[in-house]
Amino acid sequence: MLSEGRTRRNGAGRRDLTATAISCFARYGYQGTSIDRIAREAGVTKGAIYHHFRNKEDLLAAAIMDRIGEFEARVQNACLEAAPDESLRRIADVCAQHARSEDRPRFAIKLMVESIDTNDPVLEEMRGMMRRFRAFLRNVVRAGQDGGTFRSDADADSVAALFTSAVIGAETQFYLDPKRFSLERTLETFVAQLLDNLRPAGAAQTPQGGVIRD
């Protein structure tokens, strides 16, 4: 456990540095980002960075944990007290909002591509995030099945994998062609079609998005 003094020392300055690192990694990739570059972007000396982090790998690990923690907290908070069908809509909204938050989403995409063959620790962190995201979605689907909102014969794991793939694919297209690709409309259409497919046989949609049975 960290001492009280160590905790204070790693406070706001550390978070500012990881935010700058995320921006640099997103724009230049891991290989193209150096401690010198991060220091210049942050307006600090290299010594200030080494005060908090052992090396670039240590800074990268901290940046990944900050990025993943931020995203997961937003997803969880968005779904508090929401019905399963509304939760899926809110998760898509969070993903769309996050994709527009400066360079941070590109950070994840670039790291996933770069780390497949070159950086096992990064790949493990990204793989863990994906597994937790799919598990969260799977639990939302199962809750909907238990409550009768979603049909019981749907494979919750497959639905979670499909949702994750749709989000990643839509975000990638948005990054490549932001002027011609409508991220929000694409995700809204996907979720609407998914919910229609998950609706139990003989159930009609209510104005609030729930279901009523014939």
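A few notes on this one:
- Members of segment 149-180 found to be modelled with pLDDT of 95 or more, among the aromatic types (Phe, Trp, Tyr) and under 25 Å from ARG100 (Cβ atoms), listed by number: PHE163
- Here is the figure for segment 146-187: residues that are assigned to a helix (DSSP H, G or I) and either under 19 Å from the mean Cα position of the chain (by Cα) or within 20 Å of MET126 (Cβ to Cβ) (or both) total 25.
- If only residues of segment 188-214 that are assigned to a strand (DSSP E or B) and within 30 Å of the chain's Cα centre (by Cα) are counted, the one that is modelled with the highest pLDDT is GLN205.
- Long-range neighbours under 6 Å by Cβ, at least six apart or interchain, first residue of a type in the set (Asp, Glu) within segment 82-101, second part of a helix (DSSP H, G or I) and modelled with pLDDT of 95 or more: ASP85/LEU195
- When HIS52 is tested against the conditions (1) modelled with pLDDT under 90; (2) farther than 23 Å from GLU188 by Cβ; (3) touching a Lys or Arg at 6+ places or on another chain (Cβ under 8 Å), the lone failure is (1).
- Segment 86-108 - residue that is surrounded by fewer than 17 Cβ atoms within 10 Å (Cβ to Cβ) and farther than 14 Å from GLU72 by Cα and, of those, modelled with the highest pLDDT: ARG100
- Among the residues making up segment 152-173, a single one is under 18 Å from ARG90 (Cβ atoms) and either loosely packed, with under 14 Cβ neighbours inside 10 Å or acidic (Asp, Glu) (or both): GLU171.
- Selection within segment 30-81 - loosely packed, with under 13 Cβ neighbours inside 10 Å and free of Cβ contacts under 8 Å to residues at least 40 places away in the same chain: GLY32, ASP36, GLY43, THR45, GLY47, ARG54, ASN55, GLY69, ALA73, ASN77, LEU80, GLU81
The values are calculated or read from the model by the stated rules, or taken from the named source; none is laboratory data. Because the structure is predicted, anything quoted here is derived from the model rather than measured. Every residue, glycine as well, gets a Cβ built from its backbone with ideal geometry; the counts of neighbours run over all protein chains shown.
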